[in-house]
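A short worksheet on the structure shown next.
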Amino acid sequence: MAKAPLDGIRVVDFCWAWAGPYGALQLAHLGAEVIRIESTTRMCPTRAIPPWAENQRGVNRTGYFNQYNQGKRSLTLNLKKPEGITLAKQLVAKSDIVTENFAAGIMDKMGLGYDVLHAVKPDLIMIALSGYGATGPEKSYVSYGPPQVALSGMSSLTGYRDGPPMQAGFSYGDPNGGVHGAFAVMCALLHRAKTGVGQYIDLSQREACAMLLPEGLMEYAMNGTQPPRLGNHDPYMAPHGVFRCRGEDRWVSLAVRNEAEWQRLCTVMGRAELAADARFAVLAARKENEDTLERIVTEWTQERSADEVTQSLQQAGIAAYPALDGRDMLANPQVAARGFFVELEHPEVGKRRHLGIPWKMSRTPCEVRRPAPCLGQDTEYVLSEILGLSREEISALQTKEVLV
C-alpha cells in the first residue's frame with residue numbers, strides 16, 4: 001500500500017488558536033504524526049468556543065477545535081514545570097519538526113527556543129508563525145488573524161465605492177499564515193533530505209497576508225496610486241457581482257469577461273437588443289453605466305432560482321454559481337462526489353461530518369486518519385511508546401501535576 005507523503009515524519013506542535021494549528025493540520029493531512037502540546041493551565045481558546053455538539057459545552061465538544069485538529073494527537077504537558085520542559089525536549093529529540101505561533105521570544109522565555117532545541121536535535125526544522133515576525137520594532141506584539149486583514153492593507157481595498165475601509169468578513173490572516181507555514185516546512189524538508197541540514201523558519205502572518213494583495217501593492221509601487229474600493233465590482237469585467245434570485249436570501253454570482261460573453265448573456269436573458277445598446281456594447285461603456293446594468297441583470301435573476309440561473313449561464317459558457325450557505329455546501333453533489341467530507345467516530349461526540357482534504361494525490365494518497373483528539377488523549381502513548389517511560393515514572397509525573 002502506498003505511503004502518505006510525510007509518513008514517518010513527526011511534528012511537535014506547540015501552536016494554539018487557528019493559524020498554527022491550521023498549518024499543522026496540513027502536515028497531518030500529508031501523513032505526519034502531529035503531537036499537539038496542550039495543558040489545562042493554558043487551554044487552547046478553540047476548545048472553549050462554539051459551536052458545541054448538541055449545544056453542550058465541553059473541551060472535547062467544540063466543532064472549531066475538532067475541525068482544525070483532525071489527524072493529530074494530544075499530549076497534556078505542564079510547561080510551567082521543569083519536568084515538563086525536560087519531557088518536551090526529549091520529545092523534540094525524537095521528532096523532525098517543531099511548530100509554534102506565539103509572539104516572538106515566548107518560546108525562548110519558556111526555555112524552548114530554537115537554539116536550545118537545535119542542540120538536542122541538530123537537523124531540526126522549526127517554524128515560528130508569529131503575527132509580525134521575530135525581528136523589527138513590533139516583533140513582541142500579540143496578534144490574531146482579524147487584525148491582519150487591516151494591517152496587511154486588505155481592509156483599505158475592501159468596501160463599497162465611496163465608502164470606508166471594511167473588514168473582509170473573514171480572518172484571512174489565520175489560515176493563510178498556516179498554509180504559507182506548511183509550504184515553508186515542506187521546502188525545508190526537501191532541503192534537509194538533500195543536505196541533512198535543518199533550519200529555523202521565521203514567518204510573519206502579516207507579511208503572508210500581504211501576499212494576497214499583489215495588485216494593490218504593485219499599483220502603488222508602479223503608479224503611486226491606491227486602487228479604489230469597488231465592492232463586488234471588477235475593473236476588467238462587467239457585469240460582475242452577486243445578484244438576488246427568487247427565494248429568501250438566495251443569490252447567484254456571475255462574471256462576464258468580454259464582449260462575446262456579454263452578447264451571450266443578453267441572449268440568455270432574452271434581451272438580445274442590449275448587445276447593441278451603446279451603453280453596454282463595450283467594457284468601458286458597461287463600467288460607466290454599471291448601476292443601470294446591474295438593475296437590468298437583477299430584474300432577470302430575481303425571477304429565477306439561483307440553480308436555474310447557474311445552469312442557463314454555464315451552458316452558455318459564462319461563469320456563474322449560487323452563493324451557498326453551510327447547508328447548501330453540505331448537500332452539494334460536486335463536493336460530495338469528490339469525497340471532501342469525512343465522518344469519523346469521535347470518542348465523546350460520536351460521528352460528525354467535517355471538512356476533509358481538498359486535494360487528491362494518485363501516488364501518495366492522503367486521508368484523515370483519526371478525528372481530533374480529546375484533551376490529553378495520547379499522553380500515555382507518547383510517554384510510554386515514544387519516550388519509553390515506565391508506568392511508575394508516568395504515575396510520578398501525574399502526582400507532580402506535570403501531565404495536566
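The values are calculated or read from the model by the stated rules, or taken from the named source; none is laboratory data. Everything numeric in this text was worked out from a predicted model, so none of it was measured. Please note: Cβ atoms are built from the backbone with ideal geometry, for glycine as well, and neighbour counts cover all protein chains shown.
What residue, of Gln377, Gln315, is among the polar types (S, T, N, Q) and surrounded by 14 or more Cβ atoms within 10 Å (Cβ to Cβ)?
Gln377
Being at pLDDT 95 or above and more than 27 Å from His346 (Cα to Cα): is that true of Gln56 here?
In short, no.
Can you go through Arg279, Arg295, Arg257, Arg206 and tell me which one is outside the structural domain of Ala103 (by TED's automatic domain parsing) and touching a helix residue (DSSP H, G or I) at 6+ places or on another chain (Cβ under 7 Å)? Spell out how you get there, then give the answer.
Details: Arg295 fails: touching a helix residue (DSSP H, G or I) at 6+ places or on another chain (Cβ under 7 Å); Arg257 fails: touching a helix residue (DSSP H, G or I) at 6+ places or on another chain (Cβ under 7 Å); Arg206 fails: outside the structural domain of Ala103 (by TED's automatic domain parsing).
Criteria check complete, one pass: Arg279.
Quick one: in the stretch 7-20, which of the residues that are part of a loop (DSSP other than H, G, I, E, B) and out of contact with any Cys (no Cβ under 9 Å at 6 or more places or on another chain) is surrounded by the fewest Cβ atoms within 10 Å (Cβ to Cβ)?
Gly8
Kindly indicate the residue of the stretch 202-239 that is among the polar types (S, T, N, Q) and surrounded by 16 or more Cβ atoms within 10 Å (Cβ to Cβ) and also farthest from Pro147 (Cα to Cα) among those meeting that condition.
Top of the filtered list is Ser204.
Quick check on my filter: what residues within the stretch 377-404 are polar (S, T, N, Q) and either assigned to a helix (DSSP H, G or I) or over 22 Å from Val11 (Cβ atoms) (or both)?
Result: Thr379, Ser384, Ser390, Ser395, Gln398, Thr399.
Conditions first: (1) more than 21 Å from Arg363 (Cβ to Cβ); (2) in contact (Cβ under 8 Å) with a residue 40 or more places away in the chain. Pro45 passes all but one, so which condition is the exception?
With (1) more than 21 Å from Arg363 (Cβ to Cβ); (2) in contact (Cβ under 8 Å) with a residue 40 or more places away in the chain applied to Pro45, the lone miss is (2).
Do you know which of the residues in the stretch 244-278 that are outside any loop (DSSP other than H, G, I, E, B) and in contact (Cβ under 8 Å) with a residue 60 or more places away in the chain is surrounded by the most Cβ atoms within 10 Å (Cβ to Cβ)?
Filtering first and then ranking leaves Val252.
Within the stretch 88-119, restricting attention to residues that are small (Gly, Ala, Ser) and assigned to a loop (DSSP other than H, G, I, E, B), which residue is surrounded by the most Cβ atoms within 10 Å (Cβ to Cβ)? Show your work before the answer.
From the stretch 88-119, those small (Gly, Ala, Ser) are 88, 93, 95, 103-105, 111, 113, 119; that's our starting set.
Now narrow it down to the ones that are assigned to a loop (DSSP other than H, G, I, E, B): 95, 103-105, 111, 113.
On the way: Ser95: 22, Ala103: 17, Ala104: 20, Gly105: 14, Gly111: 15, Gly113: 17.
Out of the qualifying residues, it is Ser95.
Can you tell me which residue among Gly31, Gly23 is in the same structural domain as Arg369 (by TED's automatic domain parsing) and in a loop (DSSP other than H, G, I, E, B)?
Testing whether each residue is in the same structural domain as Arg369 (by TED's automatic domain parsing) and in a loop (DSSP other than H, G, I, E, B) leaves just Gly31.
Among the listed residues Val197, Val142, Val149, which satisfies the condition of being more than 23 Å from Ala28 (Cα to Cα), among the β-branched types (Val, Ile, Thr) and either more than 19 Å from the chain's Cα centre (by Cα) or in a loop (DSSP other than H, G, I, E, B) (or both)?
Criteria check complete, one pass: Val142.
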